[in-house]
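**Student:** For reference, the structure I am asking about is given below.
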Amino acid sequence: MESEASNLGPSGKAARVRSMFAEIAPRYDFLNHALSLNIDKRWRRLVVKRVVNCLQRPDALALDLCCGTADLSLELGAVARTFGVDFCHPMLQIGIKKVRRSALPIELIEGDALNVPFADSMFDVVTVAFGLRNVDEPESGLREIYRLLKPGGRCVVLEFSHPQLPVFRSLFHFYFTRLLPRIGRAVSGSSFAYQYLPDSVQAFPGQMELAALMRTVGFSDVRYYNLFGGVASLHRGDK
């Protein structure tokens with residue numbers, strides 16, 4: 001199911017990122033799973049493990065921001081009623097087909113992660129997977145998440161990060177900045193998307209910086225977990 005919202009921001013970065021995802025939408029799922037050797041699926045299941053205790057009540061609600069093609073929304077929807085929000089229509093169209101096949105209690109909405117069309121303190125859980133670095137200001141994104149959470153609710157951010165081991169960091173940097181853009185360009189046909197990926201990760205706060213930013217916004221009991229040596233990280237915090 002899909003709803004439309006009129007809160008899509010006009011910012012330059014937002015317009016570029018939306019156009020980029022629209023271009024690669026048909027190959028997005030294939031590339032995600034292939035380039036990560038399906039590890040991204042395991043990471044999304046870890047997100048659900050970190051929030052499942054917050055979704056035990058029959059009326060619990062989850063929100064998946066920057067939901068893309070709804071992979072994480074589907075994992076959450078198996079536990080509780082879930083809303084997914086994304087600003088890229090072609091990505092949502094793919095997600096809608098997957099949601100319909102699942103018959104899970106999930107609704108996808110086209111909207112801006114910095115101006116979500118829901119009331120304050122509405123959700124028990126808010127997640128964002130590989131999307132916070134795509135918003136104009138990560139701090140603004142975290143403040144919007146905080147607004148949407150009920151007191152006692154939990155935020156989980158899954159995002160690419162910075163590998164910690166020096167030798168592995170060097171090898172991964174070569175793959176991420178040299179090989180992956182070429183593979184992504186060859187398969188997706190986009191010369192921008194898979195160069196944007198490493199560039200945006202490099203510009204995004206590291207693990208400790210993101211944890212500090214979450215505390216600044218007001219989250220308590222903030223913790224983070226490095227995944228695959230720090231290639232990605234999972235941050236959680238409570239309201």
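**Student:** What's the carbon and sulfur percent of region 94-239's accessible surface, probe 1.4 angstrom, rounded to a whole number?
**Tutor:** 57
**Student:** Shifting gears a bit: Once you have a ≥ b ≥ c as the square roots of the Cα gyration tensor eigenvalues for region 62-109, tell me rounded if a/c is under 1.5, and otherwise prolate or oblate according to whether a/b is larger than b/c. Walk me through the intermediate numbers first.
**Tutor:** Numbers: a/c = 2.11, a/b = 1.31, b/c = 1.62.
Oblate.
**Student:** Starting from the Cα of ALA22, step 7 Å along the direction of its Cβ; do the same at ILE183; then give the gap between the two resulting points in nm.
**Tutor:** 2.9
**Student:** Could you work out, for region 103-239, what percent of all Cα-Cα pairs fall into each 5 Å distance bin, beginning at 0 Å and stopping at the bin that holds the largest distance?
**Tutor:** 2, 10, 17, 20, 17, 14, 11, 7, 2, 0
**Student:** For region 138-189, what is the accessible area per residue in Å² when the probe is 1.4 Å? Intermediate results must be reported in sequence, preceding the final value.
**Tutor:** Values: 2630 Å² over 52 residues.
Dividing the accessible area of region 138-189 by its residue count gives 51 Å².
**Student:** Using a 1.4 angstrom probe, figure out how much accessible area region 51-116 has per residue, in square angstrom, rounded to the nearest whole. Can you show the working numbers first?
**Tutor:** Numbers: 2550 Å² over 66 residues.
Result: 39 Å² of accessible area for each residue.
The values are calculated or read from the model by the stated rules, or taken from the named source; none is laboratory data. All figures in this text were calculated on a predicted structure; none of them were measured in a lab. When we count neighbours, we look across all protein chains shown, and the Cβ atoms used for this are built from the backbone with ideal geometry, even at glycine. Please note that ligands, DNA and RNA were not included when accessible areas were found on the heavy atoms of the full protein model with its side chains. Shrake-Rupley method; radii C 1.70, N 1.55, O 1.52, S 1.80 Å.
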